[in-house]
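The next block holds one structure in the form of structure tokens; read it before the comments.
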Amino acid sequence: MGQTASSTASLPTNHSHRSILRSTASISPMLAEEDDLIDDAASDDDDYISNLPDECLACVFQSLGSADRKRCSLVCSRWLRVEGQSRHRLSLNAQSDLLSLVPSLFSRFDAVTKLALKCDRRSISIGDEALILISLRCRNLTRLKLRACRELTDAGMAVFANNCKGLKKLSCGSCTFGSKGMNAVLDNCSSLEELSVKRLRGITDGTVSEPIRPGVAASSLKTICLKELYNGQCFGPLIIGSKNLRTLKLFRCSGDWDKLLEVIADRVTGMVEIHLERLRVSDIGLAAISNCLNLEILHLVKTPDCTNVGLKSVAKNCNLIRRLHIDGWKTNWISDDGLIAVAKHCPNLQELVLIGVNPTRLSLELLATNCQNLERLALCGSETVGDDEISCIAAKCIALKKLCIKNCPVSDHGMEALAGGCPNLIKVKVKKCRLVTCEGADSLRASRGSIAVNLDTGEPEHQELNTGETGAREDGLAMPPVALQGGAANTLQNTTGRSSFKSRLGLIAGRNIVASTLRRWSSFSSSSRNS
């Protein structure tokens, strides 16, 4: 630095910077050439970011997380504009005060196609006025999710549907509009492909004056999902009229569904995926489902009236099934008899999940032998699945990649069998199998290094802690204040008695922290005095 400063000071002060470079060129040509390049670069005031097209800048923004996008939008007015115009997905807190913010929000985010409006259940949600205003500014909306928007009515939904006719996906839960609002969507949105309805309060009183009709959406609907509806069968005309329906999911909807499933399966034969969970359906409904010859995915979860008879009728006719989930709820109505039919007639099976079902070696061996594409297998809560059954799986399931065993009488011998079988196995999860030890899991890992073994015995780890009267450990570290965190998180959700109980626990945890802190201070002070 000193050398450079002195040499520069000796140069004439009345010459320009370029004349200085020319005067030194005779002494060092190479250095002078480098200085010319530096000088030219310094004189170039071009901003390469500014020359970047808006489309490229938008791609950069889209690769960032939400927080980073917000920070980038504050850099300059151009970035704010590009970030807003390139944001297609938006999630808003749909409380009543959102109405005043709608004009400014959607002036900035004018290209939104996917919108989520979610309100806290203890707050007042937006009403029809806000929804209509949003629909006027989001004409290109393709997806809408409504959660706990209890102030919306049929009239507001009707205007919205008329303004956003390009809607492809609608999901609503805990809303209060009824059949008229739903029919307005189905009558106007000719591109609607997915409809998900959960706890729609306007149609749960059992006195629906207007059924849910197919409308113009009947030709485009591919997925219908109904959850926790007291009067879900009013959607029957819609399901029956949706000729191109591919997926039907029914979760915890009251009523007898056997007769309706008979009509649905007779009219809509192209379904490939059906989920039935906690539904009043029997073998009659399963026999109706067997008419869907293209069925590939079937979930039977806690349907206690379904037996081997119904499963066999599905297996015999629906030979394309590749994913089968059965939660028997420990009713033992589905067993080897039904699973053997699946093994004989469903060679394309790739995924099998059995919960509360008691298969034996007889059915498992046939499944492993005939279903050569079986890649994922889960056996949970099965009293009959032991080491012998696991050994059979290890010897026969050549294509198996993932195996989950939960709450079954399997021991370390079963782990040893897996070590020598299933050549394509990459992951094993063992949970609440008390006879499988850490040594057995470690042995499997050691013999098959490519397998990820996840062991959870289900038993809490007991740590011997020497605590005093305050509950703090003698090493000066306080016990984790779990009670304090739980009480703070659930204060508004619990009753007064429970919250006061948790607050007392939180007070104890707080005392632990104070006690341990004082103990560390005293230890530090004594050590300082000794030093």
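In sequence order, what are the phi-derived ³J(HN,Hα) couplings for segment 108-115 according to the Karplus relation 6.51 cos²θ - 1.76 cosθ + 1.60 with θ = phi - 60°, rounded to whole Hz, with x for glycine and proline?
Values, residue by residue: 7, 9, 9, 10, 5, 10, 10, 10 Hz.
Using a 1.4 Å probe and counting only protein heavy atoms, arrange Ser91, Ser391 so the residue with the most accessible area comes first.
Largest accessible area first, the residues go Ser91, Ser391.
If you count, for each residue, the other Cβ atoms within 10 Å and average over each peptide, how do 309-316, 275-282 line up from highest to lowest?
309-316, 275-282
Read phi for every residue in segment 124-141 and hand back ³J(HN,Hα) as whole Hz from Karplus 6.51 cos²θ - 1.76 cosθ + 1.60, θ = phi - 60°, with x for Gly and Pro.
For segment 124-141, the Karplus curve yields 8, 7, 5, x, 4, 4, 5, 5, 5, 5, 5, 5, 6, 9, 10, 5, 9, 4 Hz.
Find how many whole Å separate the alpha carbon centroid of segment 137-172 from the alpha carbon centroid of segment 334-413.
For segment 334-413 versus segment 137-172, the Cα centre distance is 45 Å.
Starting at the first residue of segment 401-406, write each ³J(HN,Hα) from the Karplus equation 6.51 cos²θ - 1.76 cosθ + 1.60 with θ = phi - 60°, in whole Hz, x for Gly and Pro.
For segment 401-406, the Karplus curve yields 10, 10, 10, 10, 10, 9 Hz.
To the nearest 10 square angstrom, how much accessible area does Glu151 have with a 1.4 angstrom probe?
90 Å²
To the nearest Å, what is the center-to-center distance of segment 259-287 and segment 209-226, using C-alpha atoms only?
A separation of 17 Å, based on Cα centres.
Please list, ordered by chain and number, the residues whose modelled amide H lies under 5 Å from the amide H of Lys429; skip anything fewer than 5 residues away on the same chain.
For Lys429, the qualifying residues are Leu403, Cys404, Ile405, Asn454.
The values are calculated or read from the model by the stated rules, or taken from the named source; none is laboratory data. Given the structure is predicted, the values throughout are model-derived calculations rather than measurements. Neighbour counts are summed over all protein chains in view; Cβ atoms, including those assigned to glycine, are modelled from backbone coordinates with ideal geometry. Quick note on the areas: whole protein, heavy atoms, side chains included, nothing else; ligands and nucleic acids left out. Shrake-Rupley method; radii C 1.70, N 1.55, O 1.52, S 1.80 Å.
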